[in-house]
Every structure is written in C-alpha cells, then in structure tokens.
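Student: Take a look at the following structure, please.
Read-outs: derived from the displayed coordinates by stated rules, not from any lab. All values derive from a computational prediction rather than experimental measurement. Virtual Cβ from ideal backbone geometry, glycine too; neighbours counted across all protein chains shown.
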Amino acid sequence: MELLTNQILAGIATGAIYACMALAVVMIYQAIDHLNFAQGEMAMFSTFMAWQMMQWGVPYWAAFVLTLILSFIGGIAIERLLFKPLAKAPILTNVAGFIALFAIVNSVAGLIWDFTIKQFPSPFGSAPFLGSQLISTHQAGMIGVTIGLLVLLFLFFRFTRIGLAMRAAATLPESARLVGINTSWMIALGWGMASAIGAIAGLLIAPVVFLEPNMMGGVLIYGFAAAVLGGLSSPLGAVVGGFLVGIFENLVGTYIPGAGNELKLPIALALIVIVLVVKPSGLFGHTVIKRV
Amino acid sequence: MTAMLDIKDLRAYYGQVQALHGLEFHLKEGSMTTLLGANGAGKTTTLRAICNMVRSTGTIEFEGKPLSGKSTENIVRLGIAHVPQGRGTFTTMTVEENLQLGAISRSDRAGIADDVERMYDHFPVLKQRHTQQAGTLSGGEQQMLAVARALMLRPRLMLLDEPSFGLAPLIVRDLFKILGKINREHKVTILVVEQNAQLALELADTAYVIETGRIVMSGSAKDISNNEDVRKSYLGY
C-alpha cells in the first residue's frame, strides 16, 4: 500500500512537469493550430540560461525570474522572426520550421555549454516533505508551482482584458480583428507565455534529470501525451492530463513486470494513439454548443 | 457637407476573380443607407473591402482620411464597427464577455461599464442572459448581441451585413426599429446590406442598387422604392 501511495505521489510530481509542458504546447496550439515540436528544446535552453546565471553568481530566485523574462522575450522573438512569416504557409512548411528550430536550439546549446551533464540545484531541497518519507520537498515544490501557475493563468484569461482578447483571437481571429484586436500580436504574446511556462518546467525538472541539451526529449513526448489526453483545446485538460500521465507512467513502470523503464516511453506514445482514435477531443476538449 | 465615407473606383478580388468593378458611392454623416442587390452582386464584398478584409484597389476615405494600407483592426479602431454576415458571435464566451470584447479597443473603464448597462436597457433579453454562453442564444438574440457588441465600440459608422438573415419577421421588425433608434439618437451613420429590400427601404433615407459589382442606381430610399425596375426585381410586386 505504501508503495502504491508513494508511486502515485511521485507520479503527480513528475506529472506536474508534463502538465507545464502540455500547458505550453496548448498555448501555442490554441494560437496557431500547430504543435511546437521545439517546445522542449526552448525549455532546455532557458534552463541553461538560468544555470549560466547561477554560475556567474546570481542567486536562484533572481536567476529564475530573469530566465522567465528572457524566455518570454525569446518566445516572442522566435514567433516574429520565424513563424509570423509562415502564418499562411502550408502545415508541412510549419512542421519543417519547428523541426529546424528544434535542431538549431539543441545544437546551439551543445555548442555553448557542451553535452556533458550538469548538476542543477533545487530551490526546495530534497529533504522528506513535512517529515514524510512519501515525497520530497522538491517534488512537493514541483506540484505547488504547477498548481500556482494554473491558478494564475486561469485568473489571467478569465479576468483581464488582455486575456479576454487573447482568447477571442484564438477562437475567432476574424471576429477578433473586427472588434479591433491585433491578432498577430496576441499570437506573439501566446508564444512568449508558452516559452516562459516551458522555462518553468525546465527549471523544475533539471534537478531530477540533470541538465544537458537532450534532457527534454522524453519530457516533451509525455507533455504531448498529456495535452492530447486532456484535449488540445483545454489548458485545464492539459494540466489534468499531465498529472494523469505522470501517475500512469509510474504505475506501469512499477506494476507491469518487464515494462520497466524501457517501455515507459512507448507507453506514452501508445496513449497518444489510443486517445486520438477513441476520443480525439480528449477528456476536456470542449464541444461547442451551436444554434442557428 | 463632405461625405463621411467616400468610395471611388473600388475594385475587389478573390484570387483571380474580380468581384467589384469600379464601385463609387458615398455616405453622408448621420445617414442610414442601404445597399441592395441580388445574391453575388458584391454587397458583402463591398463591406469587407471597407474593412480591408479582401484585396482591393481604389480609394476609400473615412472622414477625409484614406483607409488604404490600414489593417482591419486599425480601421475598426477609427470608429467603424462591422457586424459581419453570420454575426461573428464568440459563441464559447458569455454574453457579457462578448460585450466587453466590443469595447476592447477602448480604455475608459467607467465608460465601458456604463455602456454595458445601456446595452442591457436597449436589449433587456441580453441582461437576462448575461452569464450564458453566447452560442446558446437564439438567432434573434445573437443578432441583438452582435449589434450591441458593435455599439460597444462607440462607432461613428456601423456596417451591417444582412442583419435580418434567418430571423423571424417580427424579430426583424424589432431589430430594424432599434437600428433606426441608434441612427437617430446616437448619431451613428449606418450602412446596411439587406436581402429584405422592403424593410430596408422603409427605414433607410438613401439607397444604392448594386449589380455584378457596379452601382446601377442611387437615390433617396423613397425614389428607389417607387422605381418600377427595383420593385419588380427586389420587392416582388
């Protein structure tokens, strides 16, 4: 029983990271209807920037905030330079753009910081959380930050005018322009936010998986699985999907003999395929009520 | 008096297909004008060209300033509200959010809150349903919402594309009464494209008839509705 509880809690903790990645993926998917294959690499690059700042002696939380700001600006810059010109291009052109971005960011990170793994500190430490052996303070921190992030995003989209404008631009771009919304900048803003959210995921997972240019590969696939499971049109779904995928991954690894670590990733991919076949809109993908 | 909207030699294209062939007309400030024509004559295209939603050449001047080269959102911000065909309702959002979106380019929070209340006075049904998802409203209610959303901009000019489409005759009467009131009381110049020519001519002061992308007739609404050709083609008697 303790093993089960332990595995579920650990699953929720890694699930928090998948939730952040899924959230970032959903933000961009909502804005431009494409999956950003480079989301993980952007997050990795952000994490390296934070690491570099800490090497230069910047305290953790200052580096954290600076990294989020730089990632936000970087996300906007990528959209303006690379994807705005591709806005009207066919899907495959965009896919090629994402793959190019993936390769470029990965190689540049390897060039600057090389491919050896690096230790990355946790701001929460690794002591047992509240004296319990079930979960560490870092795992509790990952969960807390993710939930806090979700609440902030909810408040932003629900109660601010800019959040309302972003939602309008994502759902009906033409109508949005007809009320005076600059939809092009709303997309750029979505990229900036997705990039910053991805950076949070990177900063939280780096102490667990160690820092290196390929650290986000597997994480992003779980993030995609989470986004698909929750429904690509639903940020809440992405987060719930993230937690579910995290728990699922851990339980399968623990209880299915032979599955172990080798089969965890194929299981995430199988999950994507199953959801797309059985319920393409995902658990929370909204069905629009229409009356004419 | 100079025209509020002055259109000269307007040509519009969908890919290789030319939809407007040198359209010329103008709107007087404070007027209510209707653009009549058969399906495919270019009525919708004309409205879309004004807001730069279709590729076009020629000159369009709003209050003496050319609109060419401006993006749709910047044209709207000059005070031109456009209620598109199919209403453009944000169906997944609430009625109140739709109204807030209408005023998204304004920054006077108190004024916006006042205007929301005014819209609820104009359209009491919207007040009853203000927390409801807009997609659950009936067609007539959605059209009221679309008009209210456009008014939230505090427009100087309002473009309406077939507001009566798909509505019951009684509701259409109500809607046109409200449009007349908006035109008179709020001094909003209105250009309405309509299939329901009879009603549009009753309400408008000026009318243009458009055929295959050209203006073929213009005059006061009264003259146009007494014209025999128009009666035969558009009024059916």
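Student: Give me B:136, A:5, B:33, B:92 sorted ascending by neighbouring Cβ count inside 10 Å, so fewest comes first. Please list the in-between numbers first.
Tutor: Working: B:136 15, A:5 12, B:33 22, B:92 18.
Ascending number of Cβ neighbours within 10 Å: A:5, B:136, B:92, B:33.
Student: Oh, and also: Label points 7 Å out from Cα along the Cβ direction at residue A:263 and residue A:65: separation in nm?
Tutor: Calculated label separation equals 4.8 nm.
Student: Using the C-alpha gyration tensor of chain B, what are the square roots of 5 times its eigenvalues, in whole angstrom, with the largest one first?
Tutor: 28, 21, 16
Student: Let a ≥ b ≥ c be the square roots of the eigenvalues of the Cα gyration tensor of segment A:107-197; is it rounded (a/c under 1.5), or, if not, prolate (a/b larger than b/c) or oblate? Could you put the intermediate results ahead of the total?
Tutor: Working: a/c = 5.14, a/b = 1.67, b/c = 3.07.
Since a/c reaches 1.5 but b/c is at least a/b, the shape of segment A:107-197 is classed as oblate.
Student: Roughly what angle does helix B:109-122 make with the longest principal axis of chain B, taking Cα atoms, 0 to 90 degrees, to the nearest 10?
Tutor: 80
Student: Considering every residue in B:104-111, what mean count of other chain Cβ atoms within 10 Å of its Cβ is obtained?
Tutor: Values: counts 9, 5, 2, 1, 0, 1, 0, 0.
Across B:104-111, the average partner-chain Cβ count within 10 Å equals 2.
Student: Separate question: Between residue B:128 and residue B:184, what length comes free when the chain is fully extended (0.36 nm per residue of separation minus the Cα-Cα distance, one decimal in nm)? Working shown, then result.
Tutor: Values: separation 56, 0.36 × 56 = 20.16 nm, distance 2.64 nm.
Additional length available on full extension: 17.5 nm.
Student: Turning to a different aspect of this structure: Set Lys and Arg Cβ to +1 and Asp and Glu Cβ to -1, take the dipole of chain A about its Cα centre, and tell me which of A:32, A:265, A:132 lies farthest positive.
Tutor: A:32
Student: Shielding of B:149-156 by partners, i.e. mean partner chain Cβ atoms within 10 Å per residue?
Tutor: 1
Student: How many angstrom separate the Cα center of segment A:37-59 from the Cα center of segment A:78-146?
Tutor: Spelled out, the Cα-based centre of one part sits 8 Å from the other.
Student: If you don't mind, another one. Which of the helices in chain A meet the span-like rule: DSSP H, Cα axial reach of 27 Å or more, Kyte-Doolittle mean at least -0.5?
Tutor: Working: long enough: A:2-32 (44 Å, 1.49); A:91-113 (33 Å, 1.94); A:137-159 (32 Å, 1.63); A:183-209 (38 Å, 1.67); A:235-255 (30 Å, 1.31).
Result, helices passing both filters: A:2-32, A:91-113, A:137-159, A:183-209, A:235-255.
Student: If I take every Cα pair under 8 Å that is 6 or more residues apart in chain B, average their sequence separation and divide by the length, what percent do I get for the relative contact order?
Tutor: Details: 438 pairs, mean separation 64.8, N = 237.
Answer for chain B is 27 percent.
Student: Would you mind listing how long segment B:2-74 runs along its three principal axes, going by Cα atoms, in whole Å with the largest first?
Tutor: Cα extents, longest axis first: 34, 28, 21 Å.
Student: In percent, how large is the relative contact order of chain A, given Cα pairs closer than 8 Å and 6 or more residues apart? Walk me through the numbers on the way to the answer.
Tutor: Values: 463 pairs, mean separation 105.3, N = 292.
After rounding, I find 36 percent.
Student: Moving on to the next point. What ranking do A:136-142, A:242-248 get when scored by the average of other Cβ atoms within 10 Å per residue, highest first?
Tutor: A:242-248, A:136-142
Student: Quick one: angle between helix B:139-151 and the longest Cα principal axis of chain B, in degrees between 0 and 90, rounded to 10, please.
Tutor: So the inclination is approximately 90 degrees.
Student: Assuming a ≥ b ≥ c are the square roots of the Cα gyration tensor eigenvalues, decide whether segment B:108-186 counts as rounded (a/c under 1.5), prolate (otherwise, with a/b larger than b/c) or oblate. Intermediate values should be presented prior to the final figure.
Tutor: Numbers: a/c = 1.82, a/b = 1.18, b/c = 1.55.
It is oblate, given that a/c is not under 1.5 and a/b is not larger than b/c.
Student: Next up: Per residue of A:161-172, how many C-beta atoms from partner chains lie within 10 Å of its own C-beta, taken as a mean?
Tutor: Numbers: counts 8, 1, 0, 7, 4, 0, 5, 8, 0, 0, 4, 7.
Mean partner shielding for this stretch: 4.
Student: Size of the dipole of chain A about the Cα centre, Lys and Arg at +1 and Asp and Glu at -1 on the beta carbon, nothing else charged, in debye to 20? Please list the in-between numbers first.
Tutor: Numbers: 12 positive and 9 negative charges, 200 e Å.
So the dipole magnitude of chain A works out to roughly 960 debye.
Student: For the protein assembly as shown, with only Lys/Arg (+1) and Asp/Glu (-1) charged at the beta-carbon, what is the dipole magnitude about the Cα centre, in debye rounded to 20? Mind showing how you got there, number by number?
Tutor: Numbers: 39 positive and 35 negative charges, 124 e Å.
Charge dipole, the protein assembly as shown, about its Cα centre: 600 debye, nearest 20.
Student: Can you bin every Cα-Cα distance in the protein assembly as shown into 20 Å intervals starting at zero and give me the percent of pairs per bin, rounded to whole numbers?
Tutor: Histogram of Cα-Cα distances, whole percents per bin: 20, 43, 26, 10, 1.
Student: Diagonalise the Cα gyration tensor of chain A and give the resulting equivalent ellipsoid semi-axes, square root of 5 times each eigenvalue, largest first, whole Å. Write out the running numbers ahead of the final one.
Tutor: Details: eigenvalues 174, 112, 70 Å².
Over the Cα atoms of chain A, the semi-axes work out to 30, 24, 19 Å.
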